[in-house]
1. So which of Ile220, Ile284, Ile277 is modelled with pLDDT of 95 or more, in contact with a helix residue (DSSP H, G or I) (Cβ under 6 Å, 6 or more places away or on another chain) and assigned to a helix (DSSP H, G or I)?
2. Does Val379 qualify as being closer than 30 Å to Val313 by Cβ and either hydrophobic (A, V, I, L, M, F, W, C) or in a helix (DSSP H, G or I) (or both)?
3. Any idea which of Glu826, Glu810, Glu769 is in the same structural domain as Lys725 (by TED's automatic domain parsing), at pLDDT 90 or above, surrounded by fewer than 18 Cβ atoms within 10 Å (Cβ to Cβ) and out of contact with any helix residue (DSSP H, G or I) (no Cβ under 7 Å at 6 or more places or on another chain)?
4. Please work out if Asn122 is under 30 Å from Tyr482 (Cα atoms), over 41 Å from the mean Cα position of the chain (by Cα) and at pLDDT 90 or above.
5. Being over 23 Å from Arg583 (Cα atoms), of a type in the set (A, V, I, L, M) and either out of contact with any Cys (no Cβ under 7 Å at 6 or more places or on another chain) or assigned by TED's automatic domain parsing to the domain that holds Ala616 (or both), is that true of even one residue in the range 222-242?
6. Is at least one residue of the range 317-337 in contact with a Gly (Cβ under 7 Å, 6 or more places away or on another chain), buried (at least 20 other Cβ atoms within 10 Å of the Cβ) and part of a strand (DSSP E or B)?
7. Return yes when Leu590 is in a strand (DSSP E or B) and either assigned by TED's automatic domain parsing to the domain that holds Ala314 or on the phi < 0 side of the Ramachandran plot (or both) and no when it is not.
8. Enumerate the helices (runs of 4 or more DSSP H) found wholly within the range 8-91, keeping only those where 1 or more residues are among the charged types (D, E, K, R), more than 22 Å from Ser192 (Cβ to Cβ) and at pLDDT 90 or above.
Amino acid sequence: MTNSSSFLDKIATALTDDSSNQLTNTIVVLPNKRAKIFLIEALKKQVSNNIFSPEIISVEDFIQDIARIRTIDSIELLFEFYEVYLNITKTAQQQSFELFANWAKTLLQDFNEIDRYLLDANHVLSYLKDIEDIKKWGIEVENKTQLLENYIDFWKLLPNYYQSLYNHLLKKGIGYQGLIYREAVNNLSVFSNTVTSKKYVFAGFNALNAAEEKIIQHLIANNQASIYWDADQTFLKDTYHDAGLFLRRFKESWKHYKSNPFEWIVDDFSKSKNIQIIGTPKTIGQAKITGSIIEKITSESINLGTNTTLDKVAIVLAEENLLVPLLYALPATVGALNITMGYSSKNNPAQILIAKLFKMHTNALARNASSYVFYYKDVLDILTHPLVEPYAKTNELVKIINQNNYTFITHKKVVELHETQNGLFDLLFQKWEKGSIAILETISSLLLTIKSNLSNDNEEEKITKAFVFAIFKIINKLINYYSQHKHIDQIDTLYAIYKQVIDLAEVSFEGEPLNGLQIMGVLESRVLDFETVIVTSMNEGKFPAGKSMNSFIPYDVKRELGLPTYKEKDAIYTYHFYHLLQRAKNIYLLYNTESDGLDGGEKSRFITQLEVEKQANHKLTHEIYNAILPETAYQPMVIPKSESVMLRLKEIAEQGFSPSALTSYIRNPIQFYFQKILRIREVEEVEENIALNTLGTIIHEALRVLYEPFINTFISETDILNCFKKIDSEVLNQFKLVYKEGEIKKGRNLLAFEVAKRNISNFLKVELESIKKGDAIKIIALEQTFERNLQHPTLPFPVLIKGNVDRIEERNGIIRIIDYKTGKVEKTNVTLKSWKGLADDIKNDKIIQVLAYAYMFEEKANGKPIEVGIISFKNLKAGFLPFTFKEDKEGTSVIESSILNDYLEQLAKLLTEILDVSIPFNEKII
């Protein structure tokens, strides 16, 4: 049969053409369940009258029918194996479930392969023990450590582990895949005698394990079965081509083919094909290009008037995580869509919530099991989660935690602070103290509560609901496992098992399999044929996958025993790939050009193979798509001054422009717009480590309290000495007032606490030295607000200048206005050489600030000379740093009227710009 109809069409023809065969007695065995519906559709095309369909089953179901044993999943198998392990291992040598699972998973894979290939387990596992003995041959008996003895004992026990597990599972009527295959072979003669009236048809297979080969050959020899391969002569004749590796082996080694033809050998791959190889950076690029290809296909069919549907088009995803971006990238013209791949619940909102829940409770127990202390980040992660926040009414609790700076918060406190009764909240914060089953039952109830909160009307919530239910089923499975294995009861172990088992939670999408665009994984594409195929992630390590062989059996031993190695696994991938291309006419192969560490960058060897072994009728084209970079990376914001903005500016002018508001505008007009016009505040968050501005507030406030008793009096040495005694208590008090419930006696915060004390102590030392030298210091004001109206011909209306001054003193007859800075300030930061462009450069921000204080206080100075400047706590040795105007070599630090007048001209110029309706707020790109 060499016509290019689909493989399933050929199978349908073969079934209906065989007049001796009653379809009701025929059982068609396919590699997967998905092809069943396509085969039924192919049969419909072959018949004109009503008939009974043959039974169509997957090979997995077929083998289970022979063995009569129920298959179990990997986690249940791990639990069962642990039971066996505990029974046959000395108590002193028994490992925890978590440690056991690390090596048991690999060992179970080896058991599975040994059984699927019908090998003598005792021989293979003893072989491994002998290899290890040879490795340690040179070590004298007296030099063997206990660790080494235990290691060798482990290899000795492998045959016992295998046999005990096998018997244990067989007794229960359950098994892993390999065990079921071995038992199916053992039961083959009995089975064959019970199905004498049945005719089996095996279709579309490629790689078969030893058990499958034996079963199929037995049924063929008994004339109870026939088998149809889908072999292309291009691969079958090429002795080096991996796509034909298994088929060549079967053709040469099966006794049946000594006297019977090998059906079917076709010549489809060499026919005319358009193959486009497209490279693009990142996963999202592949999704976008796939969307563009689909849009092009639909628009071309509309233009040609053919109105072709997309049911002959398949998108094959080598990476599952490409599904969601692809769905967003598909054009709106795609109506019907069929997704035939399970999508893992990993990283969906419900799964992330449970992971955070485990983290919060395990951390709380580890920190202090008796008082159950939560870390604030863990609590906030839960409270602000999108599946919690809208339904648990937690906004007020989040606000309280942030405002009060709770770093560590007890379970009791959390419950007290959340006054509203709420079932969801109670389930989230219920203590995990009653063992694993109680924890799992709480999570199960939590998932049901979340599911009931979600709507069926909202498409996004509907999908989330499906994920929630998938996880709910897995959690209930775990409850079932734990109820039978109660001795495995550590929370850490529970979480380790949960992380392994959550990958089994998949959501299957609904769709019309025979209509519309088909999206599938590589394995789902088996047996099916499409006219147009788009394959994504054609990168080495993705398609084909890398050489990861988790096994205790070395490569050379596998080769000797006939077990599959990475070569066979590569050959399976190769067959799947070339079968996708076999009957397709238009092929698009997409790969990631971007190298992200170990991911991407290198195109698949399959692409290179297509290029090197190019068929005469194949048209190959190569393209690289790169994102179009805009000429301007970012367009700065420009906010025009509307009527409401001007009203707000006038309001600010009446209430008062602070020096910090003015410098905010100089730094970035957009920052001024957000903070002062829109009044957008920074989000209040828990300050786990004391921020610099918080430390500054504490130092300012502590100095204010220490110096308050001396307002309007001259300070004496005794006063300063008394202040030294109060530093500790006052700094602690300010920390509590400013930092609230934050932890101040540990880590970086303890260092900050000591820094605050040291800064105040050093400041007082400088003050004491000044008094000892004879300085007469009188405190006039501390942390006091001053204001003064500024009227100027260029201003549309008077503007109030208003600000908070840290300290005003009279020192030796001169008024000194002081601004404290906890950061480092140098003399140059407060020295000015020219008034020109004062308000244009943010480097002058400190000058603009301190001169504003001088202007505000000038009228109250009663004619006394004024100095204004900064005391920098990181530059205390420099002492008071006065503003100095230094036009020439001689500078002056006393604020004369000429200095204030020049300053006010610059200030008026700045305010005129701010208040000018024609000048928008232009963002500065810093």
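The values are calculated or read from the model by the stated rules, or taken from the named source; none is laboratory data. If you're wondering where the values come from, they're calculated on a predicted model, not measured in any experiment. Here the Cβ is made from the backbone with ideal geometry for all residues, glycine too, and neighbour counts use every protein chain on show.
1. Selected residue: Ile220, the only one of Ile220, Ile284, Ile277 that is modelled with pLDDT of 95 or more, in contact with a helix residue (DSSP H, G or I) (Cβ under 6 Å, 6 or more places away or on another chain) and assigned to a helix (DSSP H, G or I).
2. Here the answer is no, as Val379 does not meet what is asked.
3. Glu769
4. Working: under 30 Å from Tyr482 (Cα atoms): no; over 41 Å from the mean Cα position of the chain (by Cα): yes; at pLDDT 90 or above: yes.
No: the conditions fail for Asn122.
5. yes
6. Within the range 317-337 (the criterion being in contact with a Gly (Cβ under 7 Å, 6 or more places away or on another chain), buried (at least 20 other Cβ atoms within 10 Å of the Cβ) and part of a strand (DSSP E or B)), the answer is yes, since at least one residue qualifies.
7. Details: in a strand (DSSP E or B): yes; either assigned by TED's automatic domain parsing to the domain that holds Ala314 or on the phi < 0 side of the Ramachandran plot (or both): yes.
When the stated conditions are applied, Leu590 passes them.
8. Answer list for the range 8-91: 74-88.
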